[in-house]
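I have placed the structure first, in the form of structure tokens, so that the comments after it can refer back to it.
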Amino acid sequence: MSSIAATIVDPAASPRRPRIVRPHRGFEVREARRRLALDGEGKPQFEYEMTLMFVRNELSAVATIQLLAVIFSLASMFWATKTEAILWLVLVIGAKVALLELCRRFVALPRSEINIKVWRRRLILAETVNGVVWAGFALVGMGATDSASHVFLFASLIVVLAIRMTFASTALPILYVGTIPMTMAVVVRLLMLGHPFYWAMASMALGVHVYFIFLAKGLNSTALAMLEYRAEKDALIAELEQEKATSDEARRRAEGANIAKSRFLATMSHELRTPLNAILGFSEVMKAELLGPLKNATYKEYAANVHYSGSHLLHLINEILDISRIEAGKYDLNEESIRLVDVAEDCHRLLKLRAESKNLTIELDLDHTLPMVWADERAMRQVCLNLLSNALKFTPKGGRITVSVYRDPSGGQTISIRDTGPGIPREEIPRIMQAFGQGSLAHENAEGGTGLGLPIVKSLVELHEGVFELRSEVRKGTEVLVTIPRQRVMEALPPLQPLGQERHRSNTGYGEWDRPARLGGRAPHASMMG
């Protein structure tokens, strides 16, 4: 792929006008990362960064190399003439100044204007000149026979190799051209002396050079790995920023769709409820024969069916609106002090006839000593009605439903509704807890519903900081637990003053407490009440 913006032709499209499929934005970022980090052969390419590190190393040690050259020149005057030493020093300083000027120009240019291959050749040429000039140090005092000069020359080679390895390890070609000439010059000078001792020193010079080359390669690999890690980090940050921008855009679209959905539901609820009220009202009048008897009994049955269907449709609309308000966070609780036992009894009375028509038994196990709780009575009534309706819907004839209200071990209050129905498979429980989710039993049952009852119950319980729990096993029934937390239980405070030991403030104006009433007391003297 020659470009990250390259297009892909869909073969399934029309041959006359191929459909263009543009790559995903994240794919473009990853492709750019791959192209920046790899060349055609799959090797990492950070030539600019590695060259820049070499240039900065050179610029940071301007005085060090020049001072070292001065020391070498002064030391060589012990076995060579001053003219040779000074001439060599001038050449070294001139070559170094040229290299430093080239480095300053490299740093001053913006990266977009740098042809790295051209600049690498320039730097290699300048370093070659430096290497040849430093190799000339082996020619200074060539005719000297003092052994100390040869030992100093060997030590100088080691120092120069160490310094160049440190500075030029990020650009190995530059290191080679800068060190090989001096090593070869020292080795040749030592071999020309014709003594085994100097031959050993020449061998050591070659070995030291090879050793420093291996060290330089290790430093080069370390620097390259560092650059690779930094590039991966930068690419990862770019990908994260791109994914964040994508997710933000998706969130904005989702919020816009949610607002549109809320507006649609609000509008449709008004438009649907208006004709539904007329349908329910007129069908109820016809079913009750308030304006006179219907001569045909079938019409009366139809009116009852219309009324039932309208009521069912209104119930579905109310459920959809409730779940929409809850999801939008606009369901406001009208909290007051209520008794969960009273709520359970009211729901039992409302659904008692329906249970009897299905030959179901509803057992109440209520603790009437429980204190009140701070909750929304309408919401808790809806919770209890939805759970009882589900139990009535899925419990077969002759079954039993138990409604319990008791104190939770943590100090809260729990509503438990347990039935003897067929139960729910464990793998279906997460599905039925989602909006519009239904289990396999609901599809087999004619009273399946919309699948909003349990999600609404769970959301209403969570609005009260409560806990909703569903326990079920196949062929063992289902139990639903709704727990109101302890902080919503309105416990009665104990009396501040035990009965018969009340203490009251006196009317003396001094704010003192009278003695207990049962012990009697004496009013202050009249002269003290001025």
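How would you classify the range 267-387 from its alpha-carbon gyration tensor, with a ≥ b ≥ c the square roots of the eigenvalues: rounded for a/c under 1.5, else prolate if a/b is greater than b/c, otherwise oblate?
It is oblate, given that a/c is not under 1.5 and a/b is not larger than b/c.
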Projected onto the charge dipole of the range 245-286 (unit charges on the beta-carbon of Lys, Arg, Asp and Glu, signs +1, +1, -1, -1), the Cα from ALA254, LEU276, PHE264 with the largest positive-side position is that of ALA254
Pop the C-beta distance of ILE71 and ASP332 into the FRET formula with R0 = 56 Å and round what comes out to the nearest 0.05. 0.05
The range 224-308, relative contact order in percent, only Cα pairs under 8 angstrom and at least six apart counted: 22 percent
Using a Förster radius of 41 Å, what is the FRET efficiency between ARG400 and SER247 based on their Cβ-Cβ separation? Nearest 0.05, please. 0.25
Excluding residues on the same chain fewer than 8 positions from LYS476, give the lysines whose Cα lies under 18 Å from its Cα. LYS393, LYS397
Per-residue accessible area, 1.4 Å probe, largest first, puts PHE54, PHE167 in the order PHE167, PHE54
Under a 1.4 Å probe, what is the accessible area of the range 350-418 per residue, stated in Å²? 47 Å²
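The values are calculated or read from the model by the stated rules, or taken from the named source; none is laboratory data. Worth saying up front: this structure is predicted, and the values here are computed from it rather than measured. With ideal geometry, Cβ positions are generated from the backbone for all residues, glycine too; neighbour counts draw on all protein chains shown. What goes into the accessible areas is simple: the full protein's heavy atoms, side chains included, and nothing from ligands, DNA or RNA. Shrake-Rupley method; radii C 1.70, N 1.55, O 1.52, S 1.80 Å.
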